[in-house]
Amino acid sequence: MKGHALSLRLGPLLLLAALLASWEIACRALKVPALVLPPPSAITVSLWKGLASGYFWPHLRTTALELLLGLAAGCTIGFAAGVALAENAGARRLLMPYVVTTQVIPKLALAPLFVLWFGFGMTSTVVITALICFFPLLENTLTALGRVPPERLELFRMLGASRAQTLWRLKLPMGLPAILAGLRVAVVLALVGAVVGEFIGASQGLGALIIATQGTMDTSLMFAVLVLISALGLAIYQATLWLERRLLAPMNLTS
């Protein structure tokens, strides 16, 4: 069992090493220009230089802060709105078409308006990120609270539970796995929102740095920034998985 678990952990790393080695060999054998596709060795050098010199750190901190602020705002509002709409059928029928409309409009098309309304900087990027994170939490919360077995709802009614007690002691605990699944989706989309927002409305951040590398035609540096974005996304996603395990552990023990 230990050997199997170890192979499961090493498998992705071995696959990554094989892909990077193949990439390096192909670039050198085919003499692909570094401007078109730099080899991993050149990307590693750019990444190390940027980290060692401190060039990347202000941009990384800015994107991480925008990501966390937008994620917190969007998920909080999305969860609260999901609970409110799940508990009020009339409000749900009235407001859901407008909620869906805000989501089908591409956020990249709204970015110039946000820059005009909120200024050129962090605020507009946080708003874009929050808007992207909002819908997964709302939709998953709304769906989770609406799928409680009728027999359990009837049991709570027979026991004289109030509406608030039914929500907090039955619906939310049973819907927690689905709500946390929405959080995982929101985390992934939050980084997309932060980077896209920086493309248009920021002078600092990893997204803004990608735009700057396009101007200098430094493809190795651009790939290094993409590595940082991937690392940031994986870190926040792993933190979400850790939080999910902690929150669901009591439920697993009682089941």
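Each value in this text was obtained by applying a stated rule to the coordinates, not by laboratory testing. Bear in mind that the values here come from a model prediction, so they are computed numbers and not experimental data. Note that we place each Cβ from the backbone using ideal geometry, even for glycine, and neighbour counts take in every protein chain shown.
Counting only alpha carbon atoms, the long axis of helix 206-216 and the longest principal axis of the chain meet at about 30°. Computing Rg and Dmax of the Cα atoms in Å for the structure here picks out one of [x] 17.0, 54; [y] 22.6, 76; [z] 19.7, 60, namely [y]. Only Cα sites of the range 119-238 enter the Debye sum here, all with the same form factor; the resulting log10 I(q)/I(0) across q = 0.09, 0.13, 0.14 1/Å is -0.41, -0.65, -0.70, listed in q order. In straight-distance terms, cross-link reach from K49 covers every one of the aspartates and glutamates whose alpha-carbon lies under 17 Å from its own, apart from those fewer than eight places away in the same chain; here that gives D218.
Using Cα atoms only, what is the angle between the long axis of helix 172-201 and the major principal axis of the chain, expressed in degrees (0 to 90) to the nearest 10? Long axis of 172-201 versus the principal axis of the chain: about 40 degrees. Modelled spin-label separation between S53 and L65, with each label point placed 7 Å from Cα along the Cα-to-Cβ direction: 2.3 nm.
Relative to the longest principal axis of the Cα atoms of the chain, the long axis of helix 89-104 makes an angle of roughly 10 degrees. Taking a point 7 Å from the Cα of L243 along the Cα-to-Cβ direction, the residues of the range 157-178 with backbone N closer than 16 Å to it are 176-178.
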